[in-house]
Amino acid sequence: MSPPPVYRGPFGKAQAERLLWRAGFGPRKGEAEALAKLGLAGAVRQLTNPGFERLVGPSPHDDKGHPLAPYSAWGHDHAWWLDRMVRTSRPLVERMTLVWHDWFATSNDGVGSQKLMLEQNELFRKHALGSFHDLLRDVTANPAMLEWLNGLENEKGSPNENYGREMMELFTLGADRGAYTERDVREQARALTGWQNRWKRNVGAYDFHFDASRHDTGMKRIFGKTGNFDWRDACSLCLSHPMHPSFFVQKLWSYFAPMPPDRGTQASLQAIYKSGYQVKPVVSAILSHPALYLGPRLVKPPIVHTAGLLRRLGEGITTTDWAWIGDLSGQRLFYPPNVAGWDDTRWLDTATFRGRWYAVQRMLRDRTLDPQKAKEPYDADKLVARALDFWSDPPLSSGTTYALTQFAKHALADAGNATWKQQQYPVLVQNALRQLVAMSPDLQTA
Amino acid sequence: MNGRRFVCDECTRADLLRATAGRGLPAIEPGMPVPAGTGLTRRGFVARSLGIALSVYGVGRLAAFDEGIANAAAAGPQPILVTVFLQGGADSLSLLYPQGDPLYAKYRKTLAVSGGSAFTEDARLFWHPSLAPLAQLHDEGKVSVLPAVGYDHPDQSHFTSRHYWEVGATDPRLLTGWLGRYLDTIGSPDNPLQGLSLGGSLQPSLATARVPVATIDAPGQYDFYTPGVWGSVQDRLLDAIGGLGAVRSHDAAFSTAANVARQSDRLRRQLAPFAGKKLTPPVQYPTSSDSFPTQLSGLAAMIAAGLPLHCVSLEATGSYDTHADQTTELGPALDTTAASLFAFQRDLEARGIADRVLTLVWSEFGRRAQENGSGGTDHGAAGCGFLIGTHAAGTQIGEFPGLDALDADGNLKPTSDFRGVYAGLLEQWLHTDAERVIPGAGKFQQPVLVK
């Protein structure tokens with residue numbers, strides 16, 4: 001099997017910028033230039049081997065200046081993770097944590113404990129670039145997941161199919177491919193029986209453990225194999241299924257590029273994956289692939305758009321408004337719409353567009369220029385250049401630059417001959433341009 | 001699956017937005033334009049074309065509103081189809097349950113429902129007590145019940161089965177929704193309101209290939225506030241959203257982002273008459289932390305205002321994927337859902353527009369006859385649906401197949417096919433050739449749905 005193709009073209013600021021958006025949350029000021037100096041191989045090596053995490057930038061706090069309470073306070077869970085995305089020195093690890101949150105989509109609507117959700121989040125981070133086998137095994141025994149897909153209600157004599165079905169359909173094999181039958185679903189459920197927890201007032205659910213007396217020890221027949229299977233076997237059976245590697249590669253690829261891989265690439269990525277179920281070598285190969293640099297753009301998930309803009313500004317988390325803004329823009333962390341995760345092909349509609357507008361508005365609010373005090377040039381081109389400088393010069397298409405300049409020209413012309421308007425309108429226009437740049441199709445995609 | 005929707009506290013969010021608007025603005029001095037978004041520019045506005053009074057905030061060009069409404073009114077009243085999705089696979093054997101059937105007692109040892117009123121069309125069945133409002137509408141001849149709707153070779157995956165229903169075919173590869181394809185056939189290139197999703201995201205049944213559609217939370221909240229921008233600059237800023245939408249590109253994702261900007265711009269203009277307006281429905285809707293009742297009351301107001309709506313989709317209160325604790329989950333969800341649908345019907349009647357609206361309530365499948373050991377039920381096959389409206393035929397479509405004739409998986413067998421129902425709605429209600437929308441529409445028996 002030949003290795004997957006590697007991008008050989010120039011690797012400058014533009015390519016590094018795109019890589020940082022796909023593999024993380026976009027560059028901080030100067031970061032794309034620095035990464036470009038390493039060349040593609042060096043850049044991918046740095047992203048996949050980031051070393052210890054450093055958190056760069058001001059510590060997060062809520063609207064009153066108090067530290068975040070992510071285990072207990074409404075919306076603080078979302079703000080806490082957003083902060084991690086903004087300040088991390090390991091963007092790919094954090095991005096993969098987000099990938100696993102979407103892949104094994106668990107919602108706190110069904111779990112009812114921010115603490116359990118954050119513990120699951122730590123699990124995703126720990127396995128971010130590690131072994132998918134370890135990840136699947138730990139997720140299967142994870143308290144939030146046990147709560148979410150009724151693992152605790154799945155016991156000997158009265159199986160609950162919820163987790164057994166989704167682990168095959170959504171986590172490892174895929175629907176409508178003939179990979180499993182309804183009988184496999186029922187038998188998997190039996191293999192997965194035995195999880196138990198305890199519950200205490202003021203503490204809630206705790207002590208999640210495997211209780212052999214609740215496990216169905218009878219013989220099960222799964223994928224044509226017969227045995228006294230348990231939950232570990234259930235995981236291994238899915239991973240050794242011949243249709244698992246193709247599912248895994250296709251799904252993982254879809255987080256980084258909008259078009260599916262060509263057949264040769266798909267086959268060589270599967271070969272890399274099959275040699276040990278390791279995530280890192282597959283991700284490295286995807287990030288080095290020509291499709292990432294020569295292929296079409298990708299719509300940024302809303303949380304990536306928000307985190308990336310905050311990184312560009314060097315801005316910290318100073319409000320928990322981010323939680324409801326996340327909801328408005330279609331991605332409230334820890335609350336995916338269902339166990340299939342977010343629909344990555346439909347991030348943008350007229351409602352989520354407005355949500356993104358509010359995200360930008362919220363980060364601009366504390367930087368609003370006061371037209372009575374600030375000075376801005378009465379010149380459309382200069383105003384556009386200054387708005388781009390505000391966002392650390394993101395690459396912009398000529399069409400967008402033209403639209404922004406036309407807006408500025410017309411808005412300035414409205415000032416007419418009134419002196420106060422000629423002084424103040426440029427400031428209003430600058431405030432508006434900052435909003436428009438961040439909302440442009442260029443910055444919604446990468 | 002478990003998919004309880006995140007229910008945002010609408011009030012809190014609205015308050016936050018309101019508190020945000022106007023914060024940090026400089027003092028207004030004589031001769032300066034008044035900042036928008038502060039509530040200061042509220043103006044009464046009469047839409048001449050309709051003769052209705054509206055409150056308008058952050059006024060731009062009144063003439064443009066008039067034009068938008070005039071266009072809407074000029075289009076003339078069209079029939080409107082509303083679809084309401086019970087997410088997660090609603091348990092039809094609880095919604096309409098066979099009381100007194102020994103098999104029911106056997107299969108539902110802990111979950112058997114009781115205490116509801118009799119379903120007058122089938123002596124075997126009773127309404128879930130929480131569906132009493134639907135039973136009342138049924139007695140008035142305004143509800144057609146589908147006791148076992150589905151399709152052959154049922155798929156027990158939420159996502160696959162829902163996908164089939166959304167696209168109107170058992171085709172996993174179809175990308176457009178059935179209503180989306182309908183709108184692609186008859187819709188217009190500049191009216192996103194023709195296909196409206198209420199809620200956080202686009203309902204897949206409305207996914208089009210050609211014409212624009214819209215998603216909003218509530219008609220009065222479609223605003224675009226930016227701090228430090230007001231007056232004529234703000235008007236220009238709002239126009240510039242359309243400017244970004246006009247940027248052309250060969251890249252698909254870029255074009256998607258541009259298209260959405262253009263559609264948002266168009267939608268904002270269409271909804272301008274509702275901006276910041278507090279709705280006062282003529283009837284009482286249930287109070288709920290979920291937005292379903294307010295979405296329906298907003299919908300009634302939009303229809304009454306003559307906005308050019310045609311197909312509308314939204315999700316009902318609750319998650320119906322009751323693998324566990326079914327009794328505690330189902331009752332409250334059905335309470336709010338049924339009471340909201342009832343209020344919506346009464347609202348439309350009070351406004352004199354009930355003859356224009358039909359509402360289809362559906363779920364991706366029903367649930368297994370045999371309850372599981374967790375006080376819940378697993379995924380099943382045929383489920384139940386409802387068609388509500390003054391023009392609904394009011395007689396059941398298909399019949400209850402009985403618990404003595406389950407399929408090999410222990411699930412109810414369908415007695416009507418959802419594709420036949422769609423074909424009937426397209427031809428009898430929307431007056432369109434169903435073959436143009438539903439693949440192989442002629443193969444499915446088309447029930448009489450409309451009177």
Revision key, fill the gap. For B:GLN284, the lone unmet condition from (1) in contact with a Phe, Trp or Tyr (Cβ under 9 Å, 6 or more places away or on another chain); (2) of a type in the set (S, T, N, Q); (3) more than 14 Å from chain A (Cβ to nearest Cβ) is (1)
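Condition check ((1) modelled with pLDDT of 95 or more; (2) surrounded by fewer than 24 Cβ atoms within 10 Å (Cβ to Cβ)) across all residues:
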residue: A:LEU313; (1), (2): yes, yes
residue: A:ARG332; (1), (2): yes, no
residue: A:ASN338; (1), (2): no, no
residue: A:ASP344; (1), (2): no, yes
Review point. What residue, of A:LEU404, A:LEU383, is under 19 Å from B:PHE254 (Cβ atoms), of a type outside the set (Val, Ile, Thr), assigned to a helix (DSSP H, G or I) and modelled with pLDDT of 95 or more?
Key: A:LEU404
Practice item. Please work out if A:GLN270 is under 30 Å from B:ALA253 (Cβ atoms) and either free of Cβ contacts under 8 Å to residues at least 60 places away in the same chain or not assigned by TED's automatic domain parsing to the domain that holds A:GLU119 (or both). Key: yes
Exercise for review: Tally the residues that are touching a residue at least 24 places away in the same chain (Cβ under 8 Å) and either touching a strand residue (DSSP E or B) at 6+ places or on another chain (Cβ under 8 Å) or among the acidic types (Asp, Glu) (or both), restricting the search to region B:412-451.
Suggested key: 18
**Study point:** Pick from region B:381-399, criterion in contact with a helix residue (DSSP H, G or I) (Cβ under 8 Å, 6 or more places away or on another chain) and part of a loop (DSSP other than H, G, I, E, B), ranking: farthest from B:LEU360 (Cα to Cα)
**Key:** B:ALA382
Point to revise | All positions within region B:322-338 that are in contact with a helix residue (DSSP H, G or I) (Cβ under 7 Å, 6 or more places away or on another chain) and outside any helix (DSSP H, G or I) | key: B:THR322, B:HIS323, B:ALA324
Check your understanding: Could we say that B:SER319 is in a loop (DSSP other than H, G, I, E, B), small (Gly, Ala, Ser), within 25 Å of A:ASP109 (Cβ to Cβ) and in the same structural domain as B:ARG367 (by TED's automatic domain parsing) here?
Key -> yes
Practice item. Sort out for me the helices (runs of 4 or more DSSP H) sitting completely within region B:73-169 that have 2 or more residues that are surrounded by 23 or more Cβ atoms within 10 Å (Cβ to Cβ) and within 14 Å of chain A (Cβ to nearest Cβ). Key: B:158-167
Revision key, fill the gap. Filtering region B:112-136 for residues that are touching a helix residue (DSSP H, G or I) at 6+ places or on another chain (Cβ under 6 Å) and either at positive phi or in contact (Cβ under 8 Å) with a residue 40 or more places away in the chain (or both) leaves a count of 6
Exercise for review: Hey, can you tell me all the residues within region B:170-192 that are under 28 Å from A:VAL339 (Cα atoms), assigned to a helix (DSSP H, G or I) and not hydrophobic (A, V, I, L, M, F, W, C)?
Suggested key: B:GLY180, B:ARG181
Review point. Just a yes or no: is a residue in region A:232-253 loosely packed, with under 15 Cβ neighbours inside 10 Å and within 30 Å of A:ARG18 (Cβ to Cβ)?
Key: no
Review point. In region A:329-336, is there at least one residue being in contact (Cβ under 8 Å) with a residue 40 or more places away in the chain and either in a helix (DSSP H, G or I) or among the small types (Gly, Ala, Ser) (or both)?
Key: no
Point to revise | Residues (at the interface with another protein chain (Cβ under 7 Å from one of its Cβ atoms) and among the polar types (S, T, N, Q)) located in region A:430-444 | key: A:ASN431, A:GLN435, A:SER440, A:GLN444
Revision key, fill the gap. Matching residues in region B:370-411 (closer than 17 Å to B:GLN156 by Cα and touching a residue at least 24 places away in the same chain (Cβ under 8 Å)) number 17
Exercise for review: Within region B:123-131, identify whether any single residue is modelled with pLDDT of 95 or more, assigned by TED's automatic domain parsing to the domain that holds B:ASP407 and polar (S, T, N, Q), and answer yes or no.
Suggested key: yes
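Being within 14 Å of chain B (Cβ to nearest Cβ), closer than 26 Å to A:ASP321 by Cβ and modelled with pLDDT under 95 narrows it down to one residue among A:ASP77, A:ASP109; which is it?
Just a single option satisfies the conditions, and that option is A:ASP109.
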Practice item. Output yes when any residue across region B:358-380 is among the small types (Gly, Ala, Ser), in contact with a Pro (Cβ under 6 Å, 6 or more places away or on another chain) and either within 14 Å of another protein chain (Cβ to nearest Cβ) or part of a loop (DSSP other than H, G, I, E, B) (or both), and no when none is. Key: no
Practice item. Could you tell me whether B:LEU341 is assigned by TED's automatic domain parsing to the domain that holds B:ASP378, in contact (Cβ under 8 Å) with a residue 60 or more places away in the chain and either in a loop (DSSP other than H, G, I, E, B) or in contact with a helix residue (DSSP H, G or I) (Cβ under 6 Å, 6 or more places away or on another chain) (or both)? Key: no
Practice item. Inspect all residues belonging to region B:256-274 and state whether any of them is within 14 Å of chain A (Cβ to nearest Cβ) and part of a loop (DSSP other than H, G, I, E, B). Key: no
Review point. Is there a residue in region A:41-59 that is buried (at least 20 other Cβ atoms within 10 Å of the Cβ), assigned to a loop (DSSP other than H, G, I, E, B) and under 20 Å from the mean Cα position of the chain (by Cα)?
Key: no
Exercise for review: Kindly establish whether A:GLU153 is among the charged types (D, E, K, R), surrounded by fewer than 24 Cβ atoms within 10 Å (Cβ to Cβ) and within 14 Å of chain B (Cβ to nearest Cβ).
Suggested key: yes
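Residues checked against (1) more than 8 Å from every other protein chain (Cβ to nearest Cβ); (2) more than 21 Å from A:ALA351 (Cβ to Cβ); (3) of a type in the set (S, T, N, Q):
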| site | (1), (2), (3) |
| --- | --- |
| B:ASP190 | yes, no, no |
| B:SER205 | yes, no, yes |
| B:ALA209 | yes, no, no |
| B:PRO212 | yes, no, no |
| B:GLN221 | yes, no, yes |
| B:PHE224 | no, no, no |
| B:VAL233 | no, yes, no |
| B:ALA240 | no, no, no |
| B:GLY245 | yes, no, no |
Study note, to complete from the structure: Quick count over region B:239-251, residues being assigned to a helix (DSSP H, G or I) and buried (at least 21 other Cβ atoms within 10 Å of the Cβ), is 4
Check your understanding: Is one or more of the residues making up region A:391-404 in contact with a strand residue (DSSP E or B) (Cβ under 6 Å, 6 or more places away or on another chain) and at the interface with another protein chain (Cβ under 9 Å from one of its Cβ atoms)?
Key -> no
Exercise for review: State whether the residues of region A:363-379 include one that is facing chain B (nearest Cβ under 10 Å) and in a helix (DSSP H, G or I).
Suggested key: yes
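The values are calculated or read from the model by the stated rules, or taken from the named source; none is laboratory data. From a predicted model like this one, the values you see are computed outputs, not experimental measurements. In this analysis, Cβ positions are derived from the backbone assuming ideal geometry, glycine residues included, and neighbour counts consider all displayed protein chains.
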